[in-house]
Amino acid sequence: GNTRKSYPASYDTVISVAAVDSSRKLASFSQRNDMVDLAAPGVDVESTLPESGPCQICSGIGKFKYGAISGTSSKFYDG
């Protein structure tokens, strides 16, 4: 993570969310600045995943119906 302000997360009208792990420690990739409004789980979060089709962040997981991802937001499909 870093303390630089990134956008749109640092606009006053946006709720900026930091990522924490299961021990409530700030994730290494998370924002760390005075614009962060709250923290939420962002490391190894279990989630449903597509069984088939393009999945940019879940390659290698196979055809499971659930898996774990990290990050505060993710793009699953190109379409």
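Side notes on the structure shown:
- Environment charge of residue 20, counting only residues whose C-beta is closer than 14 Å and scoring Lys/Arg +1, Asp/Glu -1: 0
- When 37, 21, 12 are compared by accessible area at a 1.4 angstrom probe, the order from most to least is 12, 37, 21.
The values are calculated or read from the model by the stated rules, or taken from the named source; none is laboratory data. Quantities reported herein were computed from a predicted structural model and do not represent experimental measurements. Reconstructed Cβ throughout: ideal geometry from the backbone, glycine too, with neighbour counts over all protein chains shown. To get the accessible areas, we keep the full protein, side chains included, count just its heavy atoms, and leave off ligands, DNA and RNA. Shrake-Rupley method; radii C 1.70, N 1.55, O 1.52, S 1.80 Å.
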